[in-house]
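Quick note: the coordinates plus some simple rules give every number you see, no bench work behind them. Bear in mind that the values here come from a model prediction, so they are computed numbers and not experimental data. We place every Cβ from the backbone using ideal geometry, glycine too, and count neighbours over all the protein chains shown.
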Amino acid sequence: MDSVMVVVTKAPYGTSLAAEGFRCAIGCAGMDIKTTLVLVDDGVFCALKGQDPSAIDMKSMGEAMASAGSYGIDLMVCKESLDERGIGPENLVAGRVVSLVEVADAMDAPGAVIRF
């Protein structure tokens, strides 16, 4: 497998799914697999600026998303999901804002798509 797309659809806190999606992405990237991490639905909250989950004793998913590029991960954030939640691209720590059509087109390329 030469490429993988990891799709995170869940909010950053409340379950471990978003964090496990990020861990999956950095694991794949660490094995020299071309990795795309896509945030859709409530997953877009993972890239939101100003997160402070210290009250629930968790690490910031925003900080994790900000570091995605340093692992060689292409971070895509769904524009329609942002719009539905009233989030502007200026409120993101990182990521390339793309349409749902672009996400769907990108799903044709990887050897695997993994959803969290």
Which of the residues that make up the stretch 25-47 are outside any loop (DSSP other than H, G, I, E, B) and at positive phi? Asp41
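May I ask you to verify whether Met1 is among the hydrophobic types (A, V, I, L, M, F, W, C), assigned to a loop (DSSP other than H, G, I, E, B) and in contact (Cβ under 8 Å) with a residue 40 or more places away in the chain?
Working: among the hydrophobic types (A, V, I, L, M, F, W, C): yes; assigned to a loop (DSSP other than H, G, I, E, B): yes; in contact (Cβ under 8 Å) with a residue 40 or more places away in the chain: yes.
Yes; evaluated as a whole, the condition is true for this residue.
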One residue is enough: does the stretch 20-39 have a residue meeting the conditions among the basic types (Lys, Arg) and over 15 Å from Val6 (Cα atoms)? no
